[in-house]
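Working notes, structure below.
The values are calculated or read from the model by the stated rules, or taken from the named source; none is laboratory data. None of these values were measured; they are calculated from a predicted model. Here the Cβ positions follow ideal geometry from the backbone for every residue, glycine too, while neighbour counts run over all protein chains shown. Protein only, heavy atoms only, side chains kept; ligands, DNA and RNA dropped before computing areas. Shrake-Rupley method; radii C 1.70, N 1.55, O 1.52, S 1.80 Å.
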There are 2 protein chains.
Amino acid sequence: MARSGTGGSKAATLNDVARMAGVSLATASKAINGRDQVAPATRQRVIEAAEQLSFTPNSLARSLIAGRTGTVGLLTSDLEGRFVIPILMGAEDAFGAGQINVFLCDARGDTIREQHHLKALLNRRVDGIIVVGRQTDPRPSLGQGLPVPVVYAYAPSDDPSDVSVTPDNVAGGRLAVEHLLSTGRRRIAHITGDPEYAAAQDRTIGVRAALAEAGLDLVGDVMMSSWSEHWGRAAAGMLLDQHPDVDGIVAGSDQIARGVIDTLRDLGKRVPEDVAVIGYDNWEVLALNSRPELTSIDANLQQLGRTAAMRIFDAIDDGEPDPGVHHLPVRLVIRGSTIERR
Amino acid sequence: MARSGTGGSKAATLNDVARMAGVSLATASKAINGRDQVAPATRQRVIEAAEQLSFTPNSLARSLIAGRTGTVGLLTSDLEGRFVIPILMGAEDAFGAGQINVFLCDARGDTIREQHHLKALLNRRVDGIIVVGRQTDPRPSLGQGLPVPVVYAYAPSDDPSDVSVTPDNVAGGRLAVEHLLSTGRRRIAHITGDPEYAAAQDRTIGVRAALAEAGLDLVGDVMMSSWSEHWGRAAAGMLLDQHPDVDGIVAGSDQIARGVIDTLRDLGKRVPEDVAVIGYDNWEVLALNSRPELTSIDANLQQLGRTAAMRIFDAIDDGEPDPGVHHLPVRLVIRGSTIERR
DNA sequence: GAAACTTCCGAAAGGCCTTTCGGCACGCTA
DNA sequence: TAGCGTGCCGAAAGGCCTTTCGGAAGTTTC
């Protein structure tokens, strides 16, 4: 962890470069930034001097002039939430390409901390802010008075004049049922997580709608409790007890699906021959290690992060937001738990 | 996503505040920053003006003067790696308390991108850099010529003059065996992941050492292949085939442990009564949803992130690094897979 | 009543870069 | 040779804040 630069202890400034090349500050700046009004020979001399001093322009001063920092704040409510990470990756990726850097702030679900971070971000003059929540339930808006554009990702803002992007859970529920129907299942049940979650409600709406369109009813009631493997096991046990003839199960998450499959195996049911099971989230660690591998709905979270980034981009550039909640398409990933593979 | 601030379109500057309060720039600055040489009444007037204009000092200008930005770069090799996230959280947490903000950069395992990000961070004049790898194998150093302190987390630098913090995998392997011994197991086997990984090697060293100290031999060879549930299942099958009397299994990861437990159940072995199984990583989604819940070794990654942050802190403040690879203690988390619970 | 302080405020410099605009020098044309 | 471009370069301002230091006003002391 040596601190000394190539030459000395302090970073070289443009002044140093200019002096070394024997030109003025202005000329050095123009030479390095590819402006014209500089003779090729002079430019060359400056560039060489810059390299020799390993000069890098101080972005701070640059930003001060430009009135733009080329930074964006990523305000998450909770890094632990596994939905946050892919979104973050997508955003970081989209920005990385455009020379924008990302400030990461984790409020850990605390409003005070969120305000504190928000203030810090504004002090640092970020060009925009992406707020990432861990649930798809609406969250309080940061407010309208902010001097920079804000986009809400995953958890939409409760203020319709804000810009939000969130996965289309209704379409996801639909997609799951349609897939089961396409594999010939007709007796379909739905086991999902905490009924308080918008995600659970929305997916259920989709499931019901798709079944209704096919002229079918759900087998049994929607079973809602928690997003855990344990619940998946327990619920599957109850379901099979009451409706032994079920042939398709839409699980509200991959964890639940794993529990369901576990119980099915214990009860001597074959997956997918006797019962098809489809999960949700396409969490690969779970989906790929399941026996059989799990068909699942993927919310395209990374894409969602990228979209959020693009919207901030646009808002920064031409400032024409498109307010409201935008529902992004989800994707079906077919594996062995719904279709027999040889 | 309104852009207008409380008053106008542009953020208020100190100048505006000074004018509004009827004082000079200098006085306004002193009043706001709590310097003395300002009469209480004047200070009050300034503060009110600042509030009214919702003035926030421009950190850029501030940093320009101070020669310090109060920012740190977090350079990860791969955000997908689940070990990176807790480290990141720990670091963000430690910094958040100290008014430092974090630039997140994901190089996605690409050296070019890493260099690119490194350069961007230096341009932004970060005060320090934390490099987070996704494996515990040594990684190439960023080099010695950097103008800011660097700390390597999880993946240590291959240059011993750098500062690195990484979990003590040897101690982890040891701890696992010692725990099994303490529950009365004597016929212990070890199933772990990819032999190319330092993590697999180090943990194995610890396992062997602890057994040797107890005067015992490993049951069968160390079984190394991949970090997957599938491998856990397969390996357990082979192991039980050859050594049906095994009574304790150290798994190299929680995923492997889950596979092992799966197979044990299929073969009619009870966990933990007949065979105790201990995992590694304490990945709660897996460990808590297992039947029975999984005893595991926790690498204290969040703590590791905090430690890395503290070291950067120190390096920034007094610049006395403590070079070399620092191995941080790991922790045993006891659950039902090793100890019978009623 | 003058000298010596104490209080408080403001002008100005400084940090690092970009950009504008005036002007020097050279080469070309008439 | 005088005049006019054209091509390059540099002085200076500007962006926003902090800090130093000089000085004005008010207060105390003898």
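Brief remarks on what is shown
- Residue within segment A:31-42 that is basic (Lys, Arg), within 41 Å of the chain's Cα centre (by Cα) and surrounded by 17 or more Cβ atoms within 10 Å (Cβ to Cβ) present: no
- Residues in segment B:192-221 that are of a type in the set (Val, Ile, Thr) and open to solvent by 30 Å² or more (accessible area, probe 1.4 Å): B:Ile205 alone.
- Selection within segment B:129-158 - within 16 Å of B:Gln115 (Cβ to Cβ) and part of a loop (DSSP other than H, G, I, E, B): B:Gly133, B:Pro140, B:Ser141, B:Leu142, B:Gly143, B:Gln144, B:Gly145, B:Leu146, B:Pro147, B:Val148
Residues checked against (1) open to solvent by 40 Å² or more (accessible area, probe 1.4 Å); (2) not hydroxyl-bearing (Ser, Thr, Tyr):
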{"site": "A:Arg265", "(1), (2)": "yes, yes"}
{"site": "A:Gly268", "(1), (2)": "yes, yes"}
{"site": "A:Asp274", "(1), (2)": "yes, yes"}
{"site": "A:Gly279", "(1), (2)": "no, yes"}
{"site": "A:Ala287", "(1), (2)": "no, yes"}
{"site": "A:Ile297", "(1), (2)": "no, yes"}
{"site": "A:Thr307", "(1), (2)": "no, no"}
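- Complete set of residues in segment B:264-293 that are within 12 Å of another protein chain (Cβ to nearest Cβ) and of a type in the set (Lys, Arg): B:Arg265, B:Arg291
- Among the residues of segment A:301-342, the one identified as under 18 Å from the mean Cα position of the chain (by Cα), of a type outside the set (A, V, I, L, M) and part of a loop (DSSP other than H, G, I, E, B) is A:Pro329.
- In segment A:115-134, the residues that are more than 8 Å from every other protein chain (Cβ to nearest Cβ) and surrounded by fewer than 19 Cβ atoms within 10 Å (Cβ to Cβ): A:Gln115, A:His116
- Among the residues of segment A:207-232, those identified as within 30 Å of B:Glu293 (Cβ to Cβ) and under 29 Å from the mean Cα position of the chain (by Cα) are A:Val222, A:Met223, A:Met224, A:Ser225, A:Ser226, A:Trp227, A:Ser228, A:Glu229, A:His230, A:Trp231, A:Gly232.
- Scope segment B:148-177; condition within 11 Å of chain A (Cβ to nearest Cβ) and among the aromatic types (Phe, Trp, Tyr); matching residues: B:Tyr152
- Selection of segment B:103-114 for residues being over 14 Å from the mean Cα position of the chain (by Cα) and either among the aliphatic types (A, V, I, L, M) or at the interface with another protein chain (Cβ under 9 Å from one of its Cβ atoms) (or both) yields B:Phe103, B:Cys105, B:Asp106, B:Ala107, B:Arg108, B:Ile112, B:Arg113.
- Residues located in segment A:232-255, provided they are under 20 Å from B:Arg265 (Cβ atoms) and not small (Gly, Ala, Ser): A:Arg233, A:Leu240, A:Gln255
Conditions tested, residue by residue: (1) more than 7 Å from chain B (Cβ to nearest Cβ); (2) at pLDDT 90 or above; (3) surrounded by 20 or more Cβ atoms within 10 Å (Cβ to Cβ); (4) in a helix (DSSP H, G or I).
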| residue | (1), (2), (3), (4) |
| --- | --- |
| A:Ser54 | yes, no, no, no |
| A:Ala61 | no, yes, no, yes |
| A:Val72 | yes, yes, yes, no |
| A:Leu75 | yes, yes, yes, no |
| A:Leu79 | no, no, yes, no |
| A:Arg82 | yes, no, no, no |
| A:Ile87 | yes, yes, yes, yes |
| A:Ala91 | yes, yes, yes, yes |
| A:Ala94 | yes, yes, yes, yes |
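- Selection of segment A:49-73 for residues being among the basic types (Lys, Arg) and touching a residue at least 40 places away in the same chain (Cβ under 8 Å) yields only A:Arg68.
- Within segment A:224-236, the set of residues being touching a helix residue (DSSP H, G or I) at 6+ places or on another chain (Cβ under 8 Å) and open to solvent by 30 Å² or more (accessible area, probe 1.4 Å) comprises A:Met224, A:Ser225, A:Trp227, A:His230, A:Trp231, A:Ala234.
- Test: A:Gly324 is in the same structural domain as A:Val150 (by TED's automatic domain parsing), small (Gly, Ala, Ser) and surrounded by fewer than 24 Cβ atoms within 10 Å (Cβ to Cβ): yes
- Counted residues, segment A:45-66 - those being small (Gly, Ala, Ser) and more than 10 Å from DNA strand D (Cβ to nearest atom): 4
- When segment A:19-44 is limited to residues that are more than 8 Å from DNA strand D (Cβ to nearest atom) and of a type in the set (S, T, N, Q), the one that is farthest from A:Thr56 (Cα to Cα) turns out to be A:Gln44.
- Restricting segment A:244-263 to residues that are in contact (Cβ under 8 Å) with a residue 24 or more places away in the chain and away from chain B (no Cβ under 13 Å) leaves a set whose member that is most open to solvent (accessible area, probe 1.4 Å) is A:Asp245.
- Set B:Gly193, B:Gly215, B:Gly145, B:Gly184: member being within 14 Å of chain A (Cβ to nearest Cβ) and free of Cβ contacts under 8 Å to residues at least 24 places away in the same chain: B:Gly145
- Of all residues making up segment A:32-42, the number that are farther than 21 Å from B:Arg124 by Cα and either within 14 Å of chain B (Cβ to nearest Cβ) or at pLDDT 90 or above (or both): 0
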